[in-house]
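Taking it in order: structure first as structure tokens, then the write-up.
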There are 2 protein chains.
Amino acid sequence: MGRDNNDHEHLARLQEFFAVHKALPPYAKIGEITGINSKAGVSKLVFRLKQAGFLDSAPGGRLAPTSRFFARPRVGAAPAGFPSPAEELLDDALTIDDFLVEHPSKTVLVEVQGESMIEAGIQPGDYVVVEKTENARVGQIVVAIMDGEFTIKYLERDARGYLLKPANPRFSNLRPERELTIFGVVVGQFRKYP
Amino acid sequence: MGRDNNDHEHLARLQEFFAVHKALPPYAKIGEITGINSKAGVSKLVFRLKQAGFLDSAPGGRLAPTSRFFARPRVGAAPAGFPSPAEELLDDALTIDDFLVEHPSKTVLVEVQGESMIEAGIQPGDYVVVEKTENARVGQIVVAIMDGEFTIKYLERDARGYLLKPANPRFSNLRPERELTIFGVVVGQFRKYP
DNA sequence: CTTTACGGTGAACGATCGTTCACTATACTG
DNA sequence: CAGTATAGTGAACGATCGTTCACCGTAAAG
């Protein structure tokens, strides 16, 4: 052999394995998975993947995935129209967690309950990524606590003070009686399709 | 010793370790972490955690975390008004990536361009998680290739055959002229707020 | 008080792990 | 064409792994 590098395919097998088992296999099993029949060959493959930043060494010589290991390729929005779209590899990859969560210790996930924000593209069953803070700005989507329940609304302000505005004409604005308790600011949203 | 069970603390140490290294340590290191000085003791601890459903055996006698292992604090949609958030499972996901991406090697991210799916909660600037496959089912949101560009639409079928249906009344259905090229199926969506 | 259950100790053992070495074959490079 | 870099082979080796066994000490049950 020589030039052609199918390490991407090898890596893909490893990623699949990790997705299922949530652990990386020993070298022998990596050989099984990738079709490499010698542990020495696996060793070299692992070395290459370490160099490329996809794998790391954990205590005991074991393997551990890095953040690059979890990155997903991002394909351009305009493929040139040719039939094989598998080309756009790796140049631009991101992990969804890193993208959505900037301050992990201050961030929680909240499942969306009602339809009050549906015109903002936030549907029941979605999750919102909430950064806990008291200082929300007008125009942001916030998670407020009203009557002991979470409420997700736009934070607005008019001549009479702050108010919570839904993104659904069938809902009306909420105006806090005495005090507005802001739980956090919505910095992201995600949804899974069945 | 005897009655008191501090396995929860042991488990917490393991979860912390996994969060850092994304791999479970060998028994010797588990001993270090938990304060157990004999591998036999660790073995029994592991047995208990397996019984409790927090750990599992992967190929080679290695340990693998189960879905219960990833129990993470998540704020329930209806907090009783007190500051400590409820502890629940976010399904069986370790990360948001893990939640949205089931088959890493077949999955790519596509940035949404137009407004054709806006009533389905998919807005311009959002990312959709796309699982590459040719076999899409009717009713799913698919990424199709038309005129060399990605198009995100519902896949529907009527008496005249397949068609692509937008979720926006200002757009009209697309009916493929001769062949419909499906790039993949949308399995997730996420968005970041500035 | 005696019994029983259980978390942990300490040592020994075979199995498996990852590393290393010399070697083959392929395909770019000059 | 010869030269060189690279993916993979196959075998051997020491290190480490997880298992197992007999044993200890505490605490609840009888």
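The values are calculated or read from the model by the stated rules, or taken from the named source; none is laboratory data. Given the structure is predicted, the values throughout are model-derived calculations rather than measurements. We place every Cβ from the backbone using ideal geometry, glycine too, and count neighbours over all the protein chains shown.
Taking (1) more than 27 Å from B:THR181 (Cβ to Cβ); (2) more than 12 Å from DNA strand C (Cβ to nearest atom); (3) at pLDDT 90 or above in turn, A:ALA12 satisfies each apart from (1). Exactly one residue among A:GLU102, A:GLU115 is assigned to a loop (DSSP other than H, G, I, E, B), surrounded by 14 or more Cβ atoms within 10 Å (Cβ to Cβ) and at pLDDT below 95, and that residue is A:GLU115.
In the stretch B:88-98, the qualifying residues are those that are at pLDDT 65 or above and either touching a helix residue (DSSP H, G or I) at 6+ places or on another chain (Cβ under 7 Å) or surrounded by fewer than 20 Cβ atoms within 10 Å (Cβ to Cβ) (or both), and the one that is nearest to B:LEU14 (Cα to Cα) is B:LEU94. Of all the listed residues (A:PHE190, A:PHE150), the sole one being under 20 Å from A:GLU115 (Cβ atoms), touching a helix residue (DSSP H, G or I) at 6+ places or on another chain (Cβ under 9 Å) and outside any loop (DSSP other than H, G, I, E, B) is A:PHE190. Taken over the stretch A:15-30, residues that are in a helix (DSSP H, G or I) and without any contact (Cβ under 8 Å) to a residue 40 or more places away in the chain amount to 9. Any residue at all in the stretch B:119-130 that's at pLDDT below 95, within 7 Å of another protein chain (Cβ to nearest Cβ) and more than 22 Å from B:ILE182 (Cβ to Cβ)? Among the residues of the stretch B:119-130, not one is at pLDDT below 95, within 7 Å of another protein chain (Cβ to nearest Cβ) and more than 22 Å from B:ILE182 (Cβ to Cβ), which makes the answer no. Are any residues in the stretch A:48-74 out of contact with any helix residue (DSSP H, G or I) (no Cβ under 9 Å at 6 or more places or on another chain) and either at pLDDT below 80 or surrounded by fewer than 14 Cβ atoms within 10 Å (Cβ to Cβ) (or both), and if so, which ones? Of everything in the stretch A:48-74, those that are out of contact with any helix residue (DSSP H, G or I) (no Cβ under 9 Å at 6 or more places or on another chain) and either at pLDDT below 80 or surrounded by fewer than 14 Cβ atoms within 10 Å (Cβ to Cβ) (or both) turn out to be A:GLN51, A:GLY61.
Check off (1) within 18 Å of the chain's Cα centre (by Cα); (2) farther than 25 Å from A:GLU16 by Cβ for B:LEU109 and give me the number that stays unchecked. Just one mismatch for B:LEU109, condition (2).
The residues of the stretch B:31-40 that are free of Cβ contacts under 8 Å to residues at least 12 places away in the same chain, within 8 Å of DNA strand D (Cβ to nearest atom) and either charged (D, E, K, R) or not in a loop (DSSP other than H, G, I, E, B) (or both) amount to a single one, B:ALA40. The residues on offer are A:ALA28, A:ALA52, A:ALA71, and the sole one that is farther than 23 Å from B:PRO26 by Cα, within 13 Å of DNA strand D (Cβ to nearest atom) and not acidic (Asp, Glu) is A:ALA52.
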